[in-house]
Protein chains: 2
Amino acid sequence: MLTSNQNNHPKVPEVVVLRLPLYVRELTDMLQSDKNVVSSQQLGERLQMTPAQIRKDLSYFGKFGKQGRGYPISFLVNQLRSVLGLEKEWNCCIIGVGKLGKAVISYTGFNPEGFNIRAAFDDDISLIGQTVGGLYVQPITELEKTIRDKDISIGIVTVPAPNAQKVIDRMVASGLKSILNYAPVGLHIPPGVHIRHVDPLLSLQSMTYYLK
Amino acid sequence: MLTSNQNNHPKVPEVVVLRLPLYVRELTDMLQSDKNVVSSQQLGERLQMTPAQIRKDLSYFGKFGKQGRGYPISFLVNQLRSVLGLEKEWNCCIIGVGKLGKAVISYTGFNPEGFNIRAAFDDDISLIGQTVGGLYVQPITELEKTIRDKDISIGIVTVPAPNAQKVIDRMVASGLKSILNYAPVGLHIPPGVHIRHVDPLLSLQSMTYYLK
DNA sequence: ATTGTTTTGATTACTGGTTAACAAAATCAA
DNA sequence: TTGATTTTGTTAACCAGTAATCAAAACAAT
């Protein structure tokens, strides 16, 4: 028997999961067009990938298309949103209310997509108690309780690099399983916890290889 | 004969290039320790990867270690910085001086690493001529001339999603070969041009898959 | 010097993700 | 209705990146 997830589909490679939001974004964009069906061929052209890969990826989660016709756009986007868990709202907290943290708090791209920052933490006495972007800055000691009370499941890390590991250990200890990290450091997280890194400097540094 | 790059090493996979900055960062960190040699084993523990992979990656670019001893840290970091082209300074321009663009301009992480934003562009009449973070905002019509005059080789895109493709086409037409994109859209770029995407929303959306 | 230990760099084997291929289903055109 | 065309979902072939293996080199200890 094959290794399966709880939905009886064969185990989904992580790369595939990483591509799902790309599909959702592109399909959502297509909703505004007059077409209501799209083929893997057409979608592949828009996303610059092979139709085979798209069909393969989608097939991990179900049969969403019809031969000779393609995929109904709005149906497919709904299915994928459901697979990703994007129908519900997700509560997030942010740790680190310095310049970067403030910028992330005031970023308008999260809320409309169902990601809401509900709590902010810092260890700087002069910041605690202040209000930043409508959020009351709390001491980190209140992390665990707040995560429980406000049903927070995602942590956003915007502390300086040297503090990041300590903060993440604390988040993990408090039960968070998903972390979005803006600190430019390598981090150790236990299995079962997921992390994504936002690090534009690393991106630049890998491109200069091709510029030399 | 194997496919080779201009240095007579076999063609380097892109994933390897993406890991090089990670090595540089970790090794730079180690410079402050008392040790001056590191084994692939030790480095692998810190970076959570197998020693074999590290040795393989490094071997694309030369023989930096000694059997029974390991890699001299400062030598290795210099070699890798050289491979990545990080010894020289890189001039960047940014297009889009809205909220996000301003945040990127005032981000202090780029300059110390040799990436300098030398010019800013926008198409908003009310912004042109203003000074933002020490940069005089220019109309996009001056893009090509400025890239030439200021020896700019990297473009940073912080315009709203619907404008991104148009702006990138213009950058590419002006000769830029490296683009750091903050706009949340799929983009088409010609071969030979490199792009990296900064998109925290996509990161969040791929993590919720594991939270459901 | 000799023996044992560490560790590289290269080769080989393996694993997993990508692409191709194709039968079956749906649609379209006469 | 028949035949041509489109396009899916699945299986099989392929390819690329990862990991293991191992001889050769460097060092350490006696």
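We did not get these values from a lab; they are worked out from the coordinates using the rules stated. What you see is a predicted model, and the numbers here were worked out from it, not measured in a lab. Virtual Cβ from ideal backbone geometry, glycine too; neighbours counted across all protein chains shown.
In nanometres and ascending order, the distances from the residue A:41 label point to those of the other copies are 5.7 (point 7 Å from Cα along Cα→Cβ).
Inter-chain Cβ neighbour count for A:194-200, averaged per residue, equals 6 (cutoff 10 Å, partner chain atoms only). Between residue A:124 and residue A:42, what is the FRET efficiency for a Förster distance of 41 Å, r being their Cβ-Cβ separation, to the nearest 0.05? The computed FRET efficiency comes out at 0.20. Relative to the longest principal axis of the Cα atoms of chain B, the long axis of helix B:161-173 lies at roughly 70 degrees.
Taking the Cα centre of the protein assembly as shown as reference, the dipole from Cβ charges on Lys and Arg (+1) and Asp and Glu (-1) amounts to some 1160 debye. For a test of the definition: using alpha carbon positions, the gyration tensor, and the 1.5 limit on a/c, classify region B:123-198 as rounded, prolate or oblate. Oblate is the answer for region B:123-198, as a/c is 1.5 or above yet b/c matches or exceeds a/b. Here's the picture: a label point sits 7 Å out from the Cα of residue B:99 along the beta-carbon direction, and within region A:106-148 the residues with their amide nitrogen under 12 Å of it are A:106-112, A:133-134. Annotation: amide H-H contacts under 5 Å for residue A:194 (H modelled 1.01 Å from N, sequence separation of 5 or more, or interchain): A:178, A:179. Here residue A:169 and residue A:15 are evaluated by their C-beta separation; at R0 = 25 Å the FRET efficiency comes out at 0.35. With springs only between Cα atoms under 10 Å apart, run a GNM on chain B and tell me which of B:160, B:139, B:112 wobbles the most. Of B:160, B:139, B:112, the Gaussian network model singles out B:112 as fluctuating most. A simple charge model with +1 on the Cβ of Lys and Arg, -1 on the Cβ of Asp and Glu and nothing else charged puts the dipole of region A:71-212 at about 240 debye relative to its Cα centre.
Loop sites by DSSP among the GluC sites (Glu not before Pro) of chain B, restricted to those with at most 15 other Cβ atoms within 10 angstrom, leave B:90-212 as the longest stretch without any of them. Taking a ≥ b ≥ c as the square roots of the eigenvalues of the Cα gyration tensor of region B:14-84, is the shape rounded (a/c under 1.5), prolate (a/b larger than b/c) or oblate? Rounded, since a/c falls under 1.5. For the rotational copy pair A/B, the chain A residue whose Cβ lies nearest the symmetry axis, together with its distance in Å, is A:103, 2. Here's how it looks for residue B:130: its modeled amide H is under 5 Å from those of B:137, which are all 5 or more places away or on a different chain. Averaged over peptide B:55-68, the number of partner chain Cβ atoms lying within 10 Å of each residue's Cβ comes to 0.
Relative to the longest principal axis of the Cα atoms of chain A, helix A:200-211 runs at roughly 60 degrees. In order along region B:181-187, the Karplus-derived 3J(HN,Hα) couplings, from 6.51 cos²θ - 1.76 cosθ + 1.60 at θ = phi - 60°, round to 10, 9, 7, x, 9, x, 10 Hz, and Gly and Pro are given as x.
With axes computed from alpha carbons, what is the tilt in degrees of helix B:14-30 against the longest principal axis of chain B, rounded to the nearest 10 within 0 to 90? That helix lies at roughly 70 degrees to the long axis.
Over every Cα atom in chain B, the radius of gyration and the widest Cα-Cα span, Dmax, amount to 20.1, 64 Å. Remark: relative contact order (chain A) = 13 percent; criterion is Cα-Cα distance under 8 angstrom and separation of 6 or more residues.
Give the calculated FRET efficiency between residue B:32 and residue B:67 to the nearest 0.05, with a Förster radius of 35 Å applied to their Cβ-Cβ distance.
After rounding to 0.05, the efficiency reads 0.85.
For residue A:131, the shell of other residues with beta-carbons less than 13 Å away shows a net charge of 0, using +1 for Lys and Arg and -1 for Asp and Glu.
Along region A:85-95 the Karplus relation, 6.51 cos²θ - 1.76 cosθ + 1.60 evaluated at θ = phi - 60°, assigns HN-Hα couplings of x, 9, 7, 8, 8, 10, 8, 10, 10, 10, 10 Hz to successive residues, with x for each Gly and Pro.
The phi torsions of region A:112-117, fed into the Karplus equation with coefficients 6.51, -1.76 and 1.60 and a -60° offset, translate into couplings of x, 9, x, 10, 10, 7 Hz, rounded to whole numbers, with Gly and Pro shown as x. Region A:152-212 and region B:138-186 have Cα centres lying 28 Å from one another. Remark: mean inter-chain Cβ contacts per residue of A:18-25 equal 5, using a 10 Å Cβ-Cβ cutoff to other protein chain atoms.
Within 14 Å, Cβ to Cβ, of residue B:105, how many net charges do the neighbouring residues add up to if Lys/Arg are +1 and Asp/Glu are -1?
That works out to +3.
If one puts a single equal scatterer on every Cα of the protein assembly as shown and applies the Debye formula without solvent, what log₁₀ I(q)/I(0) results at q = 0.14 Å⁻¹? So the normalised log intensities are -1.54.
Straight Cα distances below 26 angstrom link residue B:102 to the lysines A:99, A:102, B:88, B:145, B:150, B:166, B:177, with same-chain residues fewer than 8 positions distant left out.
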